[in-house]
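Novice: Supplied in structure tokens, the structure appears directly below.
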Amino acid sequence: MTPGKGSGRDTALSERPALDPPSWFTEQANVQDPSITERFEDDWPDCWAAAADLLEWDREYDAVFRGSEEPPFEWFPGGRLNASYNCLDRHLPERKNQLALIWEGHLGESRSYTYRELYREVNAFAAALRERGVTQDDVVTVYLPMVPELPVTMLACARLGVRHNVVFAGFSADALAERMERTGSEYLVTCDGYYRRGSAVAQKNKADNARIAVEQAVEVVVVDSLGLDVHLGEGYHDYDSLLERHRGTDVEPVPRAADDPLFRIYTSGTTGEPKAVDHTTGGYLAHVAWTSQSVLDIKPDDTYWCSADIGWITGHSYIVYGPLALGTTTVLYNGTPDHPEKDRLWELIDRYAVDVFYTAPTAIRAFMKWGEEYPAEHDLSSLRLLGTVGEPIDRRAWEWYREHIGGGECPVVDTWWQTETGAILVSTLPGVDEMKPGSAGKPLPGIETAVVDPAGQAVEQGTAGELVVTRPWPGMPKSLLAGERWGEAATRGDEWRYYPEDGVVEDDDGYLTFLGRVDDAINVAGRRFSTMELESTVAGVPGVAEAAVVGADHPTTGTAIYAYVSPERGRSEEHLREEIEAAVADAIGEMATPREIVFTPDLPKTRSGKVMRRLLTAVANDEELGDISALRNPAILGELRTTTSNR
Ligand code: WTA
């Protein structure tokens with residue numbers, strides 16, 4: 001078995017060494033008082049005023065929380081605020097000339113914006129959107145790579161009180177069209193193209209195809225990122241020209257109610273369809289600002305870098321809204337960590353003297369594989385705190401990160417959360433808590449969780465179970481506030497609880513070690529894909545008789561996608577392989593193409609005809625198969641083992 005995300009699992013929890021954060025860190029930390037958990041507990045839900053008070057409200061909220069045991073719930077009812085005002089305007093008196101954004105492109109080109117410059121750009125683009133007729137009922141879809149125009153567009157929407165829906169730039173035209181159509185979005189901001197690993201991606205072509213595919217009429221704004229000579233026909237506008245026309249215009253920020261939506265983002269749900277998550281203006285922003293301050297320890301004069309892509313929730317919360325709400329300098333990098341060289345990230349940390357760095361375990365495993373000589377070439381002593389998010393981090397990767405990036409000194413926060421939670425729910429507080437490599441930590445102050453069995457009953461401490469969140473939190477999305485239940489949760493009992501669908505085990509100190517998803521989502525390099533969506537795409541390829549898709553351990557990406565395909569008679573496997581890869585790239589995007597496509601005359605099935613995915617995972621992982629008595633066609637396993645291991 002390859003060492004993957006699970007390789008830390010065998011370590012008995014009690015054997016884990018606990019590390020205290022160094023005093024040089026705790027003495028300067030934003031949160032230093034260990035009684036914070038108790039205080040939050042005694043004062044729940046009013047404790048969350050601490051988060052709301054990090055923001056400036058146009059109208060003070062009447063209460064921190066309103067609700068009983070059951071939804072509907074309301075956070076900060078009566079309060080009104082504008083997210084763009086909170087991220088820009090209010091910082092101007094004190095730091096108009098401080099950098100808000102440092103952008104670094106893949107070839108070393110860079111641009112930076114002071115708070116004043118970012119304010120101006122956002123105002124000009126907000127004026128342009130308003131002139132194009134964008135109103136509060138609209139949703140502006142944003143289909144941009146990591147360029148400054150991406151956060152500018154988000155903040156311009158927020159300024160007008162309009163929802164944005166950012167679709168990760170690597171998604172295909174079909175995936176973009178599906179999201180636009182579901183949302184009924186009539187505005188799209190995209191670009192001519194961008195470079196990915198040295199080759200140009202024709203982003204506008206994908207956007208054009210999506211525009212044709214959706215029912216509604218769509219106006220498109222095109223950012224000139226590459227200087228490509230693209231045709232802008234009817235309904236298309238050039239970003240720079242729009243901006244030029246509105247330069248110098250100030251747009252009054254539109255105050256929104258605390259529970260008005262700030263943005264929509266799609267994620268993979270338990271069904272084959274993307275799931276829309278709408279985050280709120282007040283609760284969400286308060287929660288991301290508070291966790292940016294207390295967990296990521298961000299200070300206004302820091303240079304902070306989260307290496308995620310803004311196309312996913314991590315970038316929304318911890319590249320854009322959290323850091324800017326606190327008035328810090330946030331770094332935006334459009335490129336890959338190994339291009340042009342494998343020391344690219346370390347060179348940037350060195351150049352910009354980054355204080356806090358937040359990345360994903362999958363990236364850390366790649367750094368480990370490349371070797372410690374790359375970070376060693378650079379001065380990383382500016383770093384004060386390291387963070388990870390996206391999947392479980394095993395102890396070895398955690399320790400490597402702290403040693404080789406953090407100089408053996410920086411505390412590491414392993415932060416657990418999801419698209420649906422909006423902001424971090426589980427982590428150590430770096431100025432207060434001891435760290436246990438491989439274990440994320442306790443629920444944050446004010447957050448309450450439990451570990452349960454499939455029937456929803458609490459399991460004994462030390463026994464693996466499923467995580468449930470048992471109390472509302474400020475960053476919860478609109479559907480949960482309203483009491484809508486998602487997926488599995490709908491069928492489990494009456495009591496209000498949120499099931500994130502993550503396996504977990506709790507130790508004697510209440511620290512949670514995450515074990516991976518319990519639903520059929522596959523987490524590849526910290527990105528969530530739905531098994532059902534992948535499977536129906538693969539099975540839809542002409543010539544495929546049947547297909548099953550599973551996630552199996554992978555040393556770098558944590559999990560990798562394996563597709564088991566039984567072809568129709570007489571089909572060329574090579575041809576089919578290409579067709580399947582193209583179909584997944586078209587339906588979802590290249591980042592979801594299977595790592596392995598294994599052809600097999602049959603899939604392992606139960607007597608009732610259900611595909612036994614568990615066995616396919618075991619084969620892919622080269623693990624024990626366990627109980628196979630339910631299997632109708634056991635002979636197929638031998639064959640699968642041979643084909644899978646011959647690759
Ligand atoms: C996983 C990303 C273990 C988990 C912010 C969760 C983690 C899913 C961690 C959400 C962590 C995220 N330890 N697992 N520190 N952080 N996960 O919606 O399975 O893209 O449910 O949000 O990633 O993925 P999503």
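Novice: Against the definition (charged (D, E, K, R), in contact (Cβ under 8 Å) with a residue 24 or more places away in the chain and in contact with a strand residue (DSSP E or B) (Cβ under 7 Å, 6 or more places away or on another chain)), how does residue 355 come out, yes or no? Talk me through it step by step, then tell me what you get.
Specialist: Values: charged (D, E, K, R): yes; in contact (Cβ under 8 Å) with a residue 24 or more places away in the chain: yes; in contact with a strand residue (DSSP E or B) (Cβ under 7 Å, 6 or more places away or on another chain): yes.
So residue 355 passes the test.
Novice: Would segment 488-506 turn up any residue that is surrounded by fewer than 20 Cβ atoms within 10 Å (Cβ to Cβ), at pLDDT 80 or above, more than 17 Å from the chain's Cα centre (by Cα) and not hydrophobic (A, V, I, L, M, F, W, C)?
Specialist: yes
Novice: Here's another thing I want to ask about it. For segment 554-596, how many residues are among the charged types (D, E, K, R), under 33 Å from the mean Cα position of the chain (by Cα) and not in a helix (DSSP H, G or I)? Talk me through it step by step, then tell me what you get.
Specialist: Residues of segment 554-596 among the charged types (D, E, K, R): 568-569, 571, 573-574, 577-579, 581, 586, 590, 595-596.
Of the ones still in play, those that are also under 33 Å from the mean Cα position of the chain (by Cα) are 577-579, 581, 586, 590, 595-596.
With the extra rule that they be not in a helix (DSSP H, G or I), the set shrinks to 595-596.
The total comes to 2.
Novice: Residue check: is residue 226 of a type in the set (A, V, I, L, M, F, W, C) and modelled with pLDDT under 95? Explain how you work it out, then say what you get.
Specialist: Values: of a type in the set (A, V, I, L, M, F, W, C): yes; modelled with pLDDT under 95: yes.
Here the answer is yes, as residue 226 does meet what is asked.
Novice: Taking only pairs six or more apart or across chains, which ones have beta-carbon atoms under 8 Å, a first residue in segment 392-420 that is more than 25 Å from residue 268 (Cβ to Cβ), and a second residue that is away from the ligand (no atom under 15 Å from the Cβ) and β-branched (Val, Ile, Thr)?
Specialist: 395/11
Novice: Counting just the residues of segment 409-442 that are β-branched (Val, Ile, Thr), within 19 Å of residue 357 (Cβ to Cβ) and in a loop (DSSP other than H, G, I, E, B), which one comes out farthest from the ligand (Cβ to nearest atom)? Quick ask: steps written out before the conclusion?
Specialist: Residues of segment 409-442 β-branched (Val, Ile, Thr): 412-413, 415, 419, 421, 424, 426, 428, 432.
Next cut, within 19 Å of residue 357 (Cβ to Cβ) only: 412-413, 415, 424, 428.
Retained after the next criterion (residues that are in a loop (DSSP other than H, G, I, E, B)): 424, 428.
Numbers: 424: 8, 428: 11 Å.
Here the answer is 428.
Novice: May I ask you to verify whether residue 177 is touching a Cys at 6+ places or on another chain (Cβ under 9 Å) and within 23 Å of residue 583 (Cα to Cα)? I'd like the intermediate steps shown before the answer.
Specialist: On the way: touching a Cys at 6+ places or on another chain (Cβ under 9 Å): no; within 23 Å of residue 583 (Cα to Cα): yes.
Judged against the criteria, residue 177 is not a match.
Novice: Taking the condition of being outside any helix (DSSP H, G or I) and hydrophobic (A, V, I, L, M, F, W, C), how many residues in segment 519-542 meet it?
Specialist: Within segment 519-542, the subset outside any helix (DSSP H, G or I) is 519-530, 540-542.
Of the ones still in play, those that are also hydrophobic (A, V, I, L, M, F, W, C) are 521-522, 524-525, 529, 541.
Matching residues across segment 519-542 total 6.
Novice: Take segment 91-119 and flag every residue that is more than 14 Å from residue 158 (Cβ to Cβ) and crowded, with 20+ Cβ neighbours inside 10 Å. Explain how you work it out, then say what you get.
Specialist: The first filter runs over segment 91-119 and keeps only residues more than 14 Å from residue 158 (Cβ to Cβ), leaving 91-117.
Across segment 91-119, the qualifying residues are 91, 100, 101, 102, 103, 104, 113, 115.
Novice: For segment 100-145: of the residues being under 22 Å from the mean Cα position of the chain (by Cα) and among the hydroxyl-bearing types (Ser, Thr, Tyr), which is farthest from residue 349 (Cα to Cα)?
Specialist: Residues of segment 100-145 that are under 22 Å from the mean Cα position of the chain (by Cα), as a first pass: 100-106, 139-145.
Okay, now just the ones that are also among the hydroxyl-bearing types (Ser, Thr, Tyr), so 141, 143.
On the way: 141: 32, 143: 27 Å.
Only one residue fits best here, namely 141.
Novice: Out of the residues in segment 361-408 meeting the condition of being within 16 Å of the ligand (Cβ to nearest atom) and of a type in the set (Gly, Ala, Ser), tell me which one is modelled with the highest pLDDT.
Specialist: That would be 387.
Novice: From the list 551, 516, pick out the single residue that is modelled with pLDDT under 85 and either farther than 27 Å from residue 443 by Cα or assigned to a strand (DSSP E or B) (or both). Please lay out each step first, then the result.
Specialist: On the way: 551 fails: modelled with pLDDT under 85.
After ruling out the rest, the residue left standing is 516.
Novice: Just to be sure before I move on: is residue 545 in a strand (DSSP E or B), away from the ligand (no atom under 16 Å from the Cβ), surrounded by fewer than 23 Cβ atoms within 10 Å (Cβ to Cβ) and among the small types (Gly, Ala, Ser) in the structure I sent?
Specialist: Details: in a strand (DSSP E or B): yes; away from the ligand (no atom under 16 Å from the Cβ): yes; surrounded by fewer than 23 Cβ atoms within 10 Å (Cβ to Cβ): yes; among the small types (Gly, Ala, Ser): yes.
It is true that residue 545 is in a strand (DSSP E or B), away from the ligand (no atom under 16 Å from the Cβ), surrounded by fewer than 23 Cβ atoms within 10 Å (Cβ to Cβ) and among the small types (Gly, Ala, Ser).
Novice: Another question, if that's okay. For segment 323-334, indicate whether the set of residues that are within 16 Å of the ligand (Cβ to nearest atom), more than 19 Å from residue 423 (Cβ to Cβ) and of a type outside the set (Phe, Trp, Tyr) is non-empty. Break it down into steps so the answer makes sense when it comes.
Specialist: Kept after step one, since they are within 16 Å of the ligand (Cβ to nearest atom), are these residues of segment 323-334: 323.
Still in the list and also more than 19 Å from residue 423 (Cβ to Cβ): none.
Checked segment 323-334: no residue is within 16 Å of the ligand (Cβ to nearest atom), more than 19 Å from residue 423 (Cβ to Cβ) and of a type outside the set (Phe, Trp, Tyr).
Novice: Kindly check whether there is at least one residue in segment 469-492 that is away from the ligand (no atom under 12 Å from the Cβ), of a type in the set (Val, Ile, Thr), over 24 Å from residue 314 (Cβ atoms) and without any contact (Cβ under 8 Å) to a residue 12 or more places away in the chain.
Specialist: Scanning segment 469-492, I find at least one residue that is away from the ligand (no atom under 12 Å from the Cβ), of a type in the set (Val, Ile, Thr), over 24 Å from residue 314 (Cβ atoms) and without any contact (Cβ under 8 Å) to a residue 12 or more places away in the chain, so the answer is yes.
Novice: Let me ask another. Please indicate, with yes or no, whether at least one residue in segment 591-601 is β-branched (Val, Ile, Thr) and modelled with pLDDT under 90. Give the steps one after another, and end with the answer.
Specialist: Going through segment 591-601, the residues β-branched (Val, Ile, Thr) turn out to be 593, 597-598, 600.
Then drop every residue that is not modelled with pLDDT under 90, which leaves none.
No; the residues of segment 591-601 include none that is β-branched (Val, Ile, Thr) and modelled with pLDDT under 90.
Novice: Looking only at segment 597-609, decide whether some residue is within 19 Å of residue 563 (Cα to Cα), within 28 Å of the chain's Cα centre (by Cα), in contact (Cβ under 8 Å) with a residue 24 or more places away in the chain and not in a helix (DSSP H, G or I).
Specialist: yes
Novice: Which number in (1) more than 25 Å from residue 533 (Cβ to Cβ); (2) among the small types (Gly, Ala, Ser); (3) surrounded by 19 or more Cβ atoms within 10 Å (Cβ to Cβ) marks the one condition that residue 629 misses?
Specialist: (3)
Novice: Also: Limited to segment 346-360, what total is found for residues that are within 16 Å of the ligand (Cβ to nearest atom) and of a type in the set (Asp, Glu)? Before the answer, list the steps.
Specialist: Narrowing segment 346-360 to residues within 16 Å of the ligand (Cβ to nearest atom): 357-360.
Then keep just the ones that are of a type in the set (Asp, Glu); that gives none.
Residues in segment 346-360 being within 16 Å of the ligand (Cβ to nearest atom) and of a type in the set (Asp, Glu): 0 in total.
Novice: Could you grab the pairs with beta carbons closer than 9 Å, sequence gap of 6+ or different chains, first residue in segment 618-647 and under 20 Å from residue 595 (Cβ atoms) and modelled with pLDDT of 80 or more, second one aliphatic (A, V, I, L, M) and loosely packed, with under 13 Cβ neighbours inside 10 Å?
Specialist: Here the result reads 621/1; 622/1; 623/1, each pair linking segment 618-647 to a residue that is aliphatic (A, V, I, L, M) and loosely packed, with under 13 Cβ neighbours inside 10 Å.
Novice: Output the residue which, of all residues in segment 252-273 that are farther than 22 Å from residue 310 by Cβ, more than 16 Å from the ligand (Cβ to nearest atom) and of a type outside the set (D, E, K, R), is modelled with the lowest pLDDT.
Specialist: Step one: filter segment 252-273 for residues farther than 22 Å from residue 310 by Cβ, giving 252, 254-255, 257-259, 270-273.
From what's left, more than 16 Å from the ligand (Cβ to nearest atom): 252, 254-255, 257-259, 272.
Checking the rest, the ones that are also of a type outside the set (D, E, K, R) come to 254-255, 257-258, 272.
Values: 254: 98, 255: 98, 257: 98, 258: 98, 272: 66.
Out of the qualifying residues, it is 272.
Novice: Can you confirm whether residue 462 is at pLDDT below 95 and either within 26 Å of residue 353 (Cβ to Cβ) or within 15 Å of the ligand (Cβ to nearest atom) (or both)?
Specialist: Details: at pLDDT below 95: yes; either within 26 Å of residue 353 (Cβ to Cβ) or within 15 Å of the ligand (Cβ to nearest atom) (or both): no.
No; evaluated as a whole, the condition is false for this residue.
The values are calculated or read from the model by the stated rules, or taken from the named source; none is laboratory data. Because the structure is predicted, anything quoted here is derived from the model rather than measured. All Cβ positions, even for glycine, are placed from backbone atoms using ideal geometry, and neighbour counts span all protein chains on display.
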